[in-house]
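So the structure is just underneath, and the comments pick up after that.
The values are calculated or read from the model by the stated rules, or taken from the named source; none is laboratory data. Computed from a predicted model, the values in this text were never measured in an experiment. Note that we place each Cβ from the backbone using ideal geometry, even for glycine, and neighbour counts take in every protein chain shown.
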Amino acid sequence: MNIMLKSKYSRYVIIHIMLFLSSTIIGVFIGRVAGNIGEIAFLDKPFYKYFFHNVSSCLVLIIIGVITYGFLTWIPLVYNGIILGMAINFLSYQHSGVSIFYYFIHAIFEIPALMLSIYLGKVLAVETKNLAVSFVKRKKAGGERKFTDLLYILKLLLLMVVFLLVASILESIPK
């Protein structure tokens with residue numbers, strides 16, 4: 001099975017990207033209503049704290065995707081989008097666009113990792129369902145094909161972790 005970008009999965013990913021972008025825009029408008037709240041304190045943590053937090057968040061998203069068959073993964077995604085939009089708006093009162101971009105440069109890697117975790121949650125839910133159905137019907141799971149799928153899923157997990165590692169290093173750079 002070619003897991004990546006089958007039509008049903010690509011629509012799923014596109015919907016989540018649109019949800020994230022929409023919630024970020026909504027967050028900017030919510031921040032405008034709230035007005036200037038003053039300086040936002042950025043915590044300068046070591047990269048491994050950001051890394052473990054982000055990995056655990058992505059693992060929770062994968063688990064939510066598996067348990068809910070991908071239906072509730074939009075909730076943390078929308079929440080993060082709104083928070084990002086509000087932070088961008090609040091920072092715009094005292095910082096230039098370049099400074100704001102510098103604050104969120106890590107998002108270039110963190111957001112794709114977040115999307116990968118949502119995607120992996122859905123894929124693992126479908127694969128788990130297919131495996132359970134084949135077990136109930138007492139069919140063979142298709143050994144070599146399943147091994148190839150497992151390797152592909154592991155590669156995507158590794159890519160997600162690498163993205164999160166780079167994002168956490170960038171996020172820990174003092175601003």
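Here are the numbers for the structure shown:
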read-out: Positions within the range 69-87 being in contact with a Gly (Cβ under 9 Å, 6 or more places away or on another chain) and free of Cβ contacts under 8 Å to residues at least 12 places away in the same chain, in sequence order; value: Phe71, Leu72
read-out: Output for the range 99-113, where each listed residue is over 14 Å from Val162 (Cβ atoms), assigned to a helix (DSSP H, G or I) and out of contact with any Leu (no Cβ under 6 Å at 6 or more places or on another chain); value: Ser99, Phe101, Tyr102, Tyr103, Ala107, Ile111
read-out: Test for Phe101: is it closer than 21 Å to Leu21 by Cα and modelled with pLDDT of 85 or more; value: yes
